[in-house]
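The values are calculated or read from the model by the stated rules, or taken from the named source; none is laboratory data. Model, not experiment: these values are computed from the prediction. Heads up, the Cβs are rebuilt from the backbone with ideal geometry, glycines too, and the neighbour counts pull from every protein chain shown. These area figures cover heavy atoms from the full protein model, side chains too; ligands, DNA and RNA do not enter into them. Shrake-Rupley method; radii C 1.70, N 1.55, O 1.52, S 1.80 Å.
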Amino acid sequence: MDQGRPPLIFAMSENAPTLSIVIPLYRSEATIERVVGELAALPVEGGLEIVLVNDCSPDNTLEACRRIMASCPVPVTVVSHARNFGEHNAVMAGLRHTRGRWVVTMDDDGQNPPSEVPKLLEAAQRGGHDVVFGDYSAGKEHAAWRNWGSRFTNAMAGWLLEKPHGLYLSSFRCLSRFIVDEIVRYEGPYPYIDGLILQSTRAVTAICVAHKPREQGRSGYNLRRLVRLWLNMFTSFSVAPLRAATVLGLVLSALGMVGLVFVVYLYFTERGPEFGWGSLMTALLVFSGAQLVLLGVIGEYLGRSYLTTNRRPQSVVREVWRGGRS
């Protein structure tokens, strides 16, 4: 259980594998066995291990994980959550159970080809980078709204997190042991892994990788989860929205003062039109709406601070199994 205790950080040992692969699972019954089979066949010098995090999937994903543990030719760790916590929380739980000198995080649906994993690892090792992101600039096989959401997320990350210009952020990434140990120190209930990376290091880059269409099943990533990801980025790793709220408040106040001066001028010169109920209510709705938006932004920060202070768990691990061949 990842509540109320220090993060689990593995010390490097002689038998630690070169590579750990972390995969969060949700509705993965139809795809994960094939994905793990391809990963296990990768020629990684120094060996690899696979960490699967079942984020309380409602299908038979856990049974598929048990079959994998019984037959996989490489070490496999299965972490089972007591309830659904979301992708980033699941990845954080998986990172805490890795031992590799390098760690790759990837999706469970086969859209991240296992054959591209050595390319990420080689780029990280050769360039001495802390993180190498997979860049889907050659083509991304998502629905149009998902592609738009990714572009918006990357654009906002450039403003809020001071992301290097041109760097593409994706969930298919290779991380060094150093940066993994830094990331898992975070115990808050709203992790955003790319935010944790960018506040810890600037030794990051991206390389072009393939992205395939989802072969089976349906994605558990919907608009609600995307909005939650944006809120994590906006309110957990930057105070820019609060500053924007302050600027907006000042601008509206200035406009109000200009309008007041203009109304007084029209009154004394007796040139003003007859203002009625409609114009008054329109102005009231505009300024009231702006006030509610600003209060909502401030309330989001306060609410998250409250939940963090009360130690809302980042994740709760029910069980951990280890299998495969050592």
Report summary line: Exception for Gly324 within (1) open to solvent by less than 50 Å² (accessible area, probe 1.4 Å); (2) under 23 Å from Gly94 (Cβ atoms); (3) modelled with pLDDT under 70 falls at (3)
Report summary line: Counting only helices (runs of 4 or more DSSP H) wholly inside the range 161-252, the ones holding at least 3 residues that are touching a Ser or Thr at 6+ places or on another chain (Cβ under 9 Å) and modelled with pLDDT of 90 or more are 177-183
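Only one of these is open to solvent by 30 Å² or more (accessible area, probe 1.4 Å) and free of Cβ contacts under 8 Å to residues at least 12 places away in the same chain: Arg101, Arg126, Arg27. Name it. Give the derivation first.
Details: Arg101 fails: free of Cβ contacts under 8 Å to residues at least 12 places away in the same chain; Arg27 fails: free of Cβ contacts under 8 Å to residues at least 12 places away in the same chain.
Checking each option against the conditions leaves just Arg126.
Here's the yes/no breakdown for (1) among the basic types (Lys, Arg); (2) closer than 20 Å to Ser170 by Cβ; (3) at pLDDT 95 or above; (4) open to solvent by less than 30 Å² (accessible area, probe 1.4 Å):
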site	(1), (2), (3), (4)
Pro73	no, no, yes, no
His81	no, no, yes, yes
Gly94	no, yes, yes, yes
His97	no, no, yes, yes
Pro113	no, yes, no, yes
Val117	no, yes, yes, yes
Glu122	no, yes, yes, no
Val131	no, yes, yes, yes
Tyr136	no, yes, no, yes
